[in-house]
Amino acid sequence: MVKSTLKPFFLLSAASLAALALITIVVGGSFPLSIWLLEHHMPLTEDFWQWVTLLGDGLIAIPVILLSLWRYQGKDAMADVRMWSGFALAAIMPQIIKALFASMQRPWAVMEGLPDIAGLTTAMARTFPSGHTTIAFFMCGMLAFHWAKRPYAQWLLACLAMLIGLSRMMLFMHWSWDVVAGGLLALLALRVSVGHQKSLIL
């Protein structure tokens, strides 16, 4: 039996978030990066990105997370507490931070010439951090911990989480720093949930 571990998921997730942060710094910040995405926007991909971003919506992601937490129930009382504490952190912390930085505006509020994306409900404020990204990374981390024991499966889940985060940028709903912060919050929440396991995380 393959031992439960999240090392592959954590490694690739942290590397992808670091790469996005580095790209943002190199190009001069989130705004220039979003301008570059706008200049290279392809209308044919809009439906794809909307389907991807839907996976980070609470209506889909939270039931998946709750199923994962339910599967772990009864293993150990303290482990149960940690699991639910991590979920609370992933669900609540982004909203608290958004409230603290409520005046921070989203790309739709400050960028000109954004495409008219059919079916997309836009938002103007409360951009930092990306809640979709936090939930996406936490959901994929839970799936990796409970069901994806093989490294390649965890790599695929890490890629899916990052793809959901990128979809928020591609739809101009968030800046790159929002996505980086959301992903890091999720990794912290996962650390709270399952970090007590031996040899689980670096």
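Values quoted throughout were computed directly from the atomic coordinates according to the rules given, and no laboratory measurement underlies them. Note that this is a predicted model, so its numbers are computed, not measured. Using ideal geometry, Cβ is built from the backbone for each residue, glycine included, and neighbour counts are taken over all protein chains shown.
What to note about this one:
- DSSP loop chymotrypsin sites (Phe, Trp or Tyr not before Pro) with at most 15 other Cβ within 10 Å: longest gap in the chain: 1-100
- Among ILE65, ILE164, ILE117, the largest mean-square fluctuation in a Gaussian network model of the chain, built with springs joining Cα atoms closer than 10 Å, belongs to ILE117.
- Calculated SAXS-style log₁₀ I(q)/I(0) at q = 0.15, 0.18, 0.19, 0.26 Å⁻¹ - region 68-156, Debye, Cα scatterers: -0.76, -0.90, -0.94, -1.23
- Extension gain for GLN105 to LEU120 (0.36 nm times residue separation, less C-alpha to C-alpha distance): 3.7 nm.
- With the biggest extent put first, the Cα atoms of region 28-79 measure 52, 28, 12 Å across the principal axes.
- Cα convex hull, the chain: 116 Å³ per residue, rounded to a whole number.
- 0 to 90° range, to nearest 10: angle between helix 58-72 axis and the chain longest Cα axis: 10 degrees
- Net charge contributed by nearby residues that have their C-beta within less than 15 Å of LEU11 (K/R +1, D/E -1): +3
- The chain - mean residue ellipticity at 222 nm from DSSP helices (-39,500 (n - 2.57) per run, n ≥ 4, rounded to 500): -22500 deg cm²/dmol
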